[in-house]
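Undergrad: Take this structure, written in structure tokens, and hold onto it; I'll ask about it next.
Throughout, read-outs are computed from the coordinates displayed, never taken from laboratory work. This structure is a prediction, so every number in the text was calculated from the model and none was measured. Positions of Cβ are backbone-derived with ideal geometry, glycine not excepted, and every protein chain shown enters the neighbour counts.
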Amino acid sequence: MKAITLWQPWASMVAAGEKTVETRWRQTPYRGRLAIHAAKYVVPNLPQDLRDRAEFVLRQRLDEFPRGAVVAIVNLYEVVRTEDYNPSAFRHVWGDFAPGRWAWNFTHIVAIDPPIPARGQQGMWEWNEVGYDAK
């Protein structure tokens, strides 16, 4: 299965269904199931309001969010230029909608609990799905 790695708290916000759009510097022709992997690192210097919001949504401290693991499976159904996208104010806080970027839109988000340890990579990569039961 294809996968992408996101830093925390972005990965957990996807798993919680709070972040349904991932903004990236490039587009992809790929559409379909996509694993969301939480990087081993938390975003450095995360603004306090985003930290507070993420901790409120997940009801745990940011340093307790899963890291180095696949936390969700989503359906990547659409990729559009940020210039052609009109994000709601809520979505806007979870992505960089600057001109020249791409909005990757997710549906059918399924959180994986417990998260499955995996080694992430930059860009889109292949996850071997060891430990994942698609029931």
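Undergrad: Sort 112, 36 so that the residue with the fewest other Cβ atoms within 10 Å of its own Cβ comes first and the one with the most comes last.
TA: Details: 112 18, 36 29.
By the 10 Å Cβ count, ascending, the order reads 112, 36.
Undergrad: Would you mind ranking 124, 13 so that the residue whose beta carbon has the fewest other beta carbons within 10 Å leads the list? All intermediate terms of the calculation are to be shown ahead of the outcome.
TA: Values: 124 15, 13 25.
So the residues, fewest neighbours to most, are 124, 13.
Undergrad: What residue among 66, 29, 117 shows peak mean-square fluctuation when the chain is described by a Gaussian network model with Cα springs under 10 Å?
TA: 29
Undergrad: Go ahead and run the numbers for FRET between residue 107 and residue 61, Cβ-Cβ distance against an R0 of 22 Å, rounding to 0.05. Numbers along the way, then the final one.
TA: On the way: r = 29 Å, r/R0 = 1.33.
Calculated value: 0.15.
Undergrad: State to the nearest 20 debye the size of the charge dipole of region 2-125 about its Cα centre, where the only charges are +1 on K and R beta carbons and -1 on D and E beta carbons. Write out the running numbers ahead of the final one.
TA: Working: 16 positive and 12 negative charges, 79 e Å.
Dipole about the Cα centre, nearest 20: 380 debye.
Undergrad: If R0 is 30 Å, what FRET efficiency do you get for residue 1 and residue 98 from their C-beta distance, rounded to 0.05? Show your work: numbers first, answer last.
TA: Values: r = 29 Å, r/R0 = 0.98.
Rounded to the nearest 0.05, the efficiency is 0.55.
Undergrad: So how much slack lies between residue 121 and residue 51, counting 0.36 nm per residue of separation and subtracting their Cα-Cα distance, in nm? Before the final figure, lay out each step's value.
TA: Details: separation 70, 0.36 × 70 = 25.20 nm, distance 2.42 nm.
Roughly 22.8 nm would be gained on extension.
Undergrad: Classify region 1-64 as rounded, prolate or oblate from the Cα gyration tensor: take a ≥ b ≥ c as the square roots of its eigenvalues, call it rounded if a/c is under 1.5, otherwise prolate when a/b beats b/c and oblate if not. Could you put the intermediate results ahead of the total?
TA: Details: a/c = 2.07, a/b = 1.86, b/c = 1.11.
The shape class here is prolate.
Undergrad: At a threshold of 8 angstrom on Cα-Cα distance, excluding pairs fewer than six apart, so keeping six or more, what relative contact order does the chain reach in percent? Present the calculation step by step, with values, prior to reporting the outcome.
TA: Values: 269 pairs, mean separation 50.3, N = 135.
Rounded, it is 37 percent for the chain.
Undergrad: Still on this structure, I have one more. Just rank 55, 18, 83, fewest to most, by other beta-carbon atoms within 10 angstrom. It would help to have the intermediate numbers written out before the result.
TA: Values: 55 16, 18 19, 83 12.
Placing the least packed residue first, the sequence is 83, 55, 18.
Undergrad: How large is the convex hull of the C-alpha atoms of the chain per residue, in Å³? Mind showing how you got there, number by number?
TA: On the way: hull volume 14.3 nm³, N = 135.
Spelled out: Cα convex hull of the chain, divided by residues, is 106 Å³.
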